[in-house]
Amino acid sequence: HFCELALDLLGILLAVFIIGVFFPILVLCFWRFFTDTGSPYPMLGLIAIYKGLDNMVGSACQRFLFEALALEMYHTPKWFLNMCQSNAYFMGTTHLFEEKRLKEAAERRAAKLRARITGD
């Protein structure tokens, strides 16, 4: 029971990190580029390039999160999963958000971690 509560807390901390650190860094990079150029056209070009690469990079990130960190993602708050799922249709990763699939991946990750701790 303690481990579930601890993992729920770690899931919330992961969500807070992504929302509070990762997204603001992207916004600050865009803002810095916009203020340094003095013209909106390079910024519009950067946004077009970003949106073009967003699906590829976002898809790879979601696959990493839901495969390598399945246990952590299983314990993240539902609102965070819903936020991640909002672009999943365009990235082709909607299958990763299925409850059954996510739970099975989390159980495999938990078993792997248990084996690592116990030395089996």
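Structural remarks
- Per residue, in Å², the accessible surface of the chain once ligands and nucleic acids are set aside, probe 1.4 Å: 71
- Using heavy atoms of the protein chains and a probe of 1.4 Å, the accessible area assigned to PHE64 is about 120 Å².
- Carbon and sulfur %, accessible surface of the range 60-99 computed with the full protein complex present, 1.4 Å: 62
- Pairwise centroid distance, computed over Cα atoms, of the range 76-120 with the range 1-50, Å: 21
- Measuring nothing but how far apart in sequence close Cα pairs (under 8 Å, 6+ apart) lie, relative to its length, the chain scores a relative contact order of 32 percent.
- Charge dipole of the range 1-90 about the Cα centre (unit charges at C-beta), most positive-ward option of LEU26, GLY45, LEU9: GLY45
- Exposure rank, largest accessible area first [CYS3, CYS61, CYS84; 1.4 Å]: CYS3, CYS61, CYS84
- Using the Stokes-Einstein relation with a Kirkwood hydrodynamic radius computed over Cα pairs, the translational diffusion coefficient of the chain at 10 °C and a viscosity of 1.306 mPa s comes to 97 µm²/s.
- On Cα atoms only, tilt of 23-37 relative to the major axis of the chain in degrees: 10
- Accessible-area ranking of SER86, SER59, SER39, largest first, probe 1.4 Å: SER86, SER39, SER59
The values are calculated or read from the model by the stated rules, or taken from the named source; none is laboratory data. Just so it is clear, the structure is predicted and the values come from calculations on it, not from any experiment. Please note: Cβ atoms are built from the backbone with ideal geometry, for glycine as well, and neighbour counts cover all protein chains shown. These area figures cover heavy atoms from the full protein model, side chains too; ligands, DNA and RNA do not enter into them. Shrake-Rupley method; radii C 1.70, N 1.55, O 1.52, S 1.80 Å.
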